[in-house]
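The values are calculated or read from the model by the stated rules, or taken from the named source; none is laboratory data. Just so we're clear, the structure is a prediction, and the values are computed from it rather than from any experiment. Cβ atoms come from the backbone with ideal geometry, glycine included; neighbour counts cover every protein chain shown.
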Amino acid sequence: MKSSRRTFLITSIGVASTFALSRQAFADAPKVAESDPTAQALGYKADASKVDKAKFAKFVPGQECSNCSFFQGKPTDAYGPCPMFAGKQVASKGWCSAYNKKA
């Protein structure tokens, strides 16, 4: 019984430290530039108030990365990971045409 408990504790510590390291890796990930080809294709703006409403008619004021279902940061984070921009962070106040309101 002791060995299985010890194995569990060692495994738990390893998983927790891996999670902490991956969270730090996300925090250190580069931020998406509006000049990035994917950003341009999706109409990404780091500041949603600067979205070209004529070009992106589906944009509605109030839509921001922080309230998009794809945003993987906390709502209070200034930047967070987004699967649309693999390995990069988007501004929580940003917007792109892949926007999908969180449920």
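Taking the criterion of being in contact with a helix residue (DSSP H, G or I) (Cβ under 9 Å, 6 or more places away or on another chain), in a loop (DSSP other than H, G, I, E, B) and of a type outside the set (Ser, Thr, Tyr), the residues of segment 50-76 that qualify are Phe59, Pro61, Gly62, Gln63, Glu64, Phe70, Phe71, Gln72, Gly73, Lys74, Pro75.
One residue stands out among those in segment 25-46 that are under 13 Å from the mean Cα position of the chain (by Cα) and part of a helix (DSSP H, G or I): the one that is modelled with the highest pLDDT, which is Asp28.
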